[in-house]
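We did not get these values from a lab; they are worked out from the coordinates using the rules stated. It should be emphasised that the depicted structure is a prediction, and the values quoted were computed from it without experimental measurement. Note: ideal-geometry Cβ built from the backbone for every residue, glycine included; neighbour counts use all protein chains shown.
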Amino acid sequence: MNGEFSIQDIMAKPITIAKSAVITEALDKMLNEGTDPLIVTQGNVVAGTVSRKAIAEALGSKKNATISPSKIHVANVIEEEFTSAYPDQGLEVLIPLLQHYKLIVVLDKDHRLIGQVTAANLLKVMVPQVPLTGVIEKVNSINADERVVHLRRRIIDDNESRYVVTDSEGLIGMVTETDVARSMREFREEIPDKHQDHRIRNLIVRDIMSSPLISVDAGVDTATVAQLLLARSISAVPVVEGGRIAGVVTRRSLVNAL
């Protein structure tokens, strides 16, 4: 099936942000467009990417505590490492790249930006032909009453993007780096500087998580789960077996199985 498609057949219009823009503009664009990361440009040249995770880290950093979110520039959180491909290349080139990068920049023969490809673009035309057990990844959990500042620290230390949220009732939601970025921005914009240090410690996971939890049964087939991720515009879904979380299926885990 790889030979039936080339990158130009599945690529999307590039979604960009200027290196000189502020991170609040970048976050709004990511949320509105349902994408992560954004391609960062300087003039007409690709300078790197900016992710929701990088913005969450910047907004939660003590060194930025006295700086308004609307004053922090994309240049301060840019990730300069990115990879590119050409539109006439086949999916046999694209798949290994998407197994290491969230986004592939597509350039023409003159090295001008003409498109982008993410796991979502690829999964619209190709799904791994393996049982669901072959695409399940381990997922960590966090208590709903844990402080958000501790969650942010865990995201950085564990290099994770998401956690299943639990309380005495069991599984109640999911919290991601996107939730942290959005909540940190709202908090910093609404709470006066002199009260931030104290008030932020009262912000708990329950306040920012997504609930109710969207999950799938372990008996569902892989194609159905892939369709769910695309239809709901979500990057991951927990798998439940016997009332317990067996793991999580992500767009990345599906691409890794191709």
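Work from the charge dipole of the chain (Cβ charges, +1 for Lys and Arg, -1 for Asp and Glu, about the Cα centre) and give the residue of Ser141, Thr66, Ala26 farthest towards its positive end. Positive-end residue among those listed: Thr66. For Gly115, the residues whose amide H sits under 5 Å from its own are Val106, ignoring neighbours fewer than 5 places away on the same chain, with H placed 1.01 Å from N. For Leu213, what is the net charge nearby, where nearby means another residue's Cβ is under 14 Å from its Cβ and Lys, Arg count +1, Asp, Glu -1? Residues near Leu213 contribute 0 overall. Modelled spin-label separation between Asp207 and Val130, with each label point placed 7 Å from Cα along the Cα-to-Cβ direction: 4.0 nm.
Can you give the Rg/Rh ratio of the chain, where Rg is from the C-alpha atoms and Rh is the Kirkwood radius? So for the chain, dividing Rg by the Kirkwood Rh gives 0.99.
Restricting attention to the chain, close to 75% of DSSP beta bridges with both partner residues there are antiparallel. Simple rule: put +1 on each Lys or Arg Cβ and -1 on each Asp or Glu Cβ in the chain, find the dipole, and look at Asn256, Asn121, Ser51; the Cα lying farthest toward the positive end is Ser51. Dipole size of segment 1-101 about its Cα centre, with +1 on Lys/Arg Cβ and -1 on Asp/Glu Cβ: approximately 660 debye, rounded to the nearest 20.
Result for the chain in a Gaussian network model with C-alpha springs under 10 Å: among Pro96, Pro128, Pro37, the largest mean-square fluctuation is at Pro96.
As a proxy for reagent exposure, ranking Lys138, Lys124 by other Cβ atoms within 10 Å from fewest up yields Lys138, Lys124. Can you compute 3J(HN,Hα) from phi for each residue in segment 36-42, using the Karplus curve 6.51 cos²θ - 1.76 cosθ + 1.60 with θ = phi - 60°, rounded to whole Hz and x for Gly and Pro? Rounded to whole hertz, the list is 6, x, 9, 7, 9, 10, 10. The fewest-to-most ranking of Arg206, Arg52 by surrounding Cβ atoms within 10 Å reads Arg206, Arg52.
Model label points for Val220 and Gln89, set 7 angstrom from Cα along the Cα-to-Cβ axis, are 3.3 nm apart. Relative to the Cα centre, the charge distribution of the chain, modelled as +1 at Lys and Arg Cβ and -1 at Asp and Glu Cβ, gives a dipole magnitude of about 620 debye. Extents of segment 158-258, taken as max minus min of Cα coordinates on every principal axis and listed largest first, are 52, 31, 25 Å. The calculated 222 nm mean residue ellipticity attributable to helices in the chain amounts to -9500 deg cm²/dmol, summing -39500 (n - 2.57) over DSSP H runs of n ≥ 4 and dividing by all residues.
For Asp167, what is the net charge nearby, where nearby means another residue's Cβ is under 14 Å from its Cβ and Lys, Arg count +1, Asp, Glu -1? Taking every Cβ under 14 Å from that of Asp167, the sum is -3. Here segment 2-123 is described by how far its Cα atoms reach on the three principal axes: 53, 27, 23 Å, from widest to narrowest.
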